[in-house]
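To start, the structure under review is shown below, and the notes come after it.
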Amino acid sequence: MEKSYIVKDKIGLHARPVSILAKIAGQFDNDIFISYNGKKVTLKSILMVMSLGVPTGSEITIEVNGEQPEKAHQALEEAMKHQGLV
């Protein structure tokens, strides 16, 4: 299951919110990926996500595989909105 978002944070996708998203992703047994500009990495790794270098105004896609992907998507989306990322 995939969902796309536009990064609205003026700094882009940066360390503080990425660490929160990685922590949330780690709470799920699902495989969770983030894609940007043709590259796809696990959302459970802060370093891998930071290596994407996602700037403001960019589209990212979050993909959740496995059982009940809706729960993981909901938790991640709430966190992104709370952090002002999307």
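The values are calculated or read from the model by the stated rules, or taken from the named source; none is laboratory data. What you are looking at is a predicted structure, and each value in this text was computed from that prediction instead of being measured. Here the Cβ positions follow ideal geometry from the backbone for every residue, glycine too, while neighbour counts run over all protein chains shown.
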**Asked** Looking at Leu52, is it in contact (Cβ under 8 Å) with a residue 24 or more places away in the chain, in contact with a Pro (Cβ under 8 Å, 6 or more places away or on another chain), in a loop (DSSP other than H, G, I, E, B) and among the aliphatic types (A, V, I, L, M)?
**Response** no
**Message:** Take the residues in the stretch 63-82 that are under 12 Å from the mean Cα position of the chain (by Cα) and outside any helix (DSSP H, G or I); name whichever of them is nearest to Asp9 (Cα to Cα).
**Reply:** Glu63
**the stretch 57-67, subset surrounded by fewer than 13 Cβ atoms within 10 Å (Cβ to Cβ) and not charged (D, E, K, R), residue farthest from Tyr5 (Cα to Cα)** = Gly66
**Message:** It is to be established whether one or more residues within the stretch 14-33 are surrounded by 17 or more Cβ atoms within 10 Å (Cβ to Cβ) and part of a strand (DSSP E or B).
**Reply:** yes
**Residue tally, condition surrounded by fewer than 15 Cβ atoms within 10 Å (Cβ to Cβ) and outside any loop (DSSP other than H, G, I, E, B), over the stretch 4-13** = 2
**Asked** Of Leu43, Leu76, Leu52, Leu47, which residue is over 21 Å from Met1 (Cβ atoms) and modelled with pLDDT of 95 or more?
**Response** Leu47
